[in-house]
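Chemist: I have a structure I would like to understand better, so I am pasting it below and will then ask my questions one at a time.
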Amino acid sequence: MTVPIFELPDELRLSLITKQFPCREPQIRALATLLNPSSAPCRNLVVYGTEATGKSAITTALLASLDGDSFKHAIVNSIECITARHLYETVVGKVAAAVEWEAVVPRCESVSQLTVELSKMLRYTERPDGFRFVLVFDGIDHQREAPHTLLPALARLSEIIPSLTTLFILTSPPPNNLLTTFTPNLHFPTYTKPEFITILSLSPPPPITPSTTPTETLDLYTRFLSALYDSLSRPASRTLPSLTQASRTLWPKFIQPILARTHTVKEFSKLIVLARVHFQDESLLDPTLSLSPPTTTTTTPNPTIKTTDLATLLPTTARFLLLSAYLASHNPTKSDLTLFSTFHHGRKRRRGGFTGGRARKNGSQHRKIARKLLGAHAFVLERMLAIFMAVRTEWDPASGGRIKNGIVEGEQGLDNDIYMSIATLASLRLLVKVGGGGDVTDLGGKWRVAVGWEVVRGLGRSVGVEVEEWLVE
């Protein structure tokens, strides 16, 4: 009876691994064919893909299922190796443990010594017919203190040792990184939206209420996962662990109205509206976030969260500068004398701006859009600093300035603290320089404020300033 040259991998083994790792059947079959000694074993194999795509887990499970008398393997996690010498000695130690090498394993300081030691264990030792050994380098592209010839040297091991298959698990391999021809490359792509939903739907949550059937719960959970992917996974993260963590955290909050008996399972649209604030919270993607029990608190969004954080982080000088930049960006230049001059004695309006004369009775009655709702305009840095110098004594009387006969006494002028605050605002992208580079202290440079009205209003109230009173209608 002749032995066939080529045999397909065992379907029973593949079916078990496919059930364990759904949506990865093409990659599992290709990997099994290229590693199985009776199929089409290769000398070198590159498995690549982004983070959390199942490269290492599938490779480990498949090699464990193929392990036997004529098939051995060793997996080396390159991230755990501090230097290249540490990597060589780790490889020799794990190969010796896999083949049950009884001799003393010597020190290994170079690729040449690594080749000699592996040849003693795998080539010059009697092994069964068709013996195959797979050596896996997981994360070899993140190896620390690695010479530029490390990958090509490791790829040459299979040329010296015929029974060796070297498998490299990488994130994004450069072209021709092994400097060898005919090296198979197996790609593990990122999971798509249907694959995400399929994988997470394999372990659905228990029924929400005693009157809810498992089918209704699964249908609601599937629609919930679709909305979660569209709101969080697409713009913020595309990894399966982060989406799993977010679904486990958000699901109790999503079904809270059902538990409170204010809504039913079939009212998916209303449940989405109630949980909208949670779907906009990207902190759910943090793997260290602990699961919190569902509460009965309202889900009304708090618009002052970001403003409070900004007001807490910025010092007083930076806050005043940011407010002055907003006024310079939204008020016309011709109104500066009316708004900020200390010699003007016009009466103050109820909402925004000043006026020095009477209101026109027969003027135009057309309604205009508020300037705070329009886009920010560019302004010169010198104008912003002039506004800052004019208003900071009124906004902060404790700043050291005192107005007497229209003259600010005790004023220290522009110091380094002001320019440091401008540089801080620019680094935080709260102030954006128009036209690219240039010196931050250039008084003729043009800038534009990059914060909105809600942030500025809350920031002004944190220092006791109603910004709306300083805007021209």
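Chemist: Could you sort the peptides 208-216, 381-389 by per-residue average Cβ neighbour count (10 Å cutoff), highest mean leading? Don't jump to the answer; show the numbers that get you there.
Modeler: Working: 208-216: 12.0, 381-389: 19.6.
With the highest mean Cβ count within 10 Å placed first, the list reads 381-389, 208-216.
Chemist: To the nearest 0.05, how large is the calculated FRET efficiency for residue 112 and residue 30 if R₀ is 35 Å and r is the Cβ-Cβ distance? All intermediate terms of the calculation are to be shown ahead of the outcome.
Modeler: On the way: r = 33 Å, r/R0 = 0.95.
Working from the Cβ atoms, E equals 0.55.
Chemist: Something else now. Output the antiparallel fraction of DSSP beta bridges having both residues in the range 61-184, as a percent to the nearest 5. Before the final figure, lay out each step's value.
Modeler: On the way: 1 of 14 bridges.
Looking only at bridges with both residues in the range 61-184, the antiparallel portion is about 5 percent.
Chemist: Among 168, 23, 56, which residue has its Cα positioned farthest towards the positive end of the charge dipole of the range 11-187, with +1 placed on the Cβ of Lys and Arg, -1 on the Cβ of Asp and Glu, and the dipole taken about the Cα centre?
Modeler: 23
Chemist: Which order do peptides 264-270, 164-170 fall in by mean Cβ count within 10 Å, highest first? Please report the intermediate quantities before stating the final value.
Modeler: Numbers: 264-270: 14.0, 164-170: 22.6.
Ranking, from highest mean packing down: 164-170, 264-270.
Chemist: Averaging sequence separations of C-alpha pairs under 8 Å and six or more residues apart, then dividing by the length of the range 11-187, give the relative contact order as a whole percent. Before the final figure, lay out each step's value.
Modeler: Working: 264 pairs, mean separation 58.9, N = 177.
Here the relative contact order equals 33 percent.
Chemist: Shifting gears a bit: Gain in length, residue 86 to residue 50, computed as 0.36 nm per residue apart minus the alpha-carbon separation, to one decimal in nm? Working shown, then result.
Modeler: Values: separation 36, 0.36 × 36 = 12.96 nm, distance 2.59 nm.
So the chain would gain 10.4 nm between residue 86 and residue 50.
Chemist: Can I ask one more? Normalise the Cα radius of gyration of the range 11-187 by 2.2 N^0.38 Å (N = residues in it) and let me know the number. Working shown, then result.
Modeler: Values: Rg = 15.6 Å, N = 177, 2.2 N^0.38 = 15.7 Å.
For the range 11-187, the normalised Cα radius of gyration is 0.99.
Chemist: Collect residues whose amide H, placed 1.01 Å from N in the peptide plane, falls under 5 Å from the amide H of residue 165; neighbours closer than 5 in sequence don't count.
Modeler: 133, 134, 135
Chemist: Which of the residue pairs 55/270; 193/253; 19/270; 19/72; 19/120 have a Cα-Cα distance greater than 29 Å in the structure shown?
Modeler: On the way: 55/270 40 Å; 193/253 22 Å; 19/270 35 Å; 19/72 24 Å; 19/120 39 Å.
From the list (55/270; 193/253; 19/270; 19/72; 19/120), the Cα-Cα distance tops 29 Å for 55/270; 19/270; 19/120.
Quick note: the coordinates plus some simple rules give every number you see, no bench work behind them. These figures come from a predicted structure and were not determined experimentally. For neighbour counting, all protein chains shown are included, and Cβ atoms are generated from backbone atoms with ideal geometry for every residue, glycine included.
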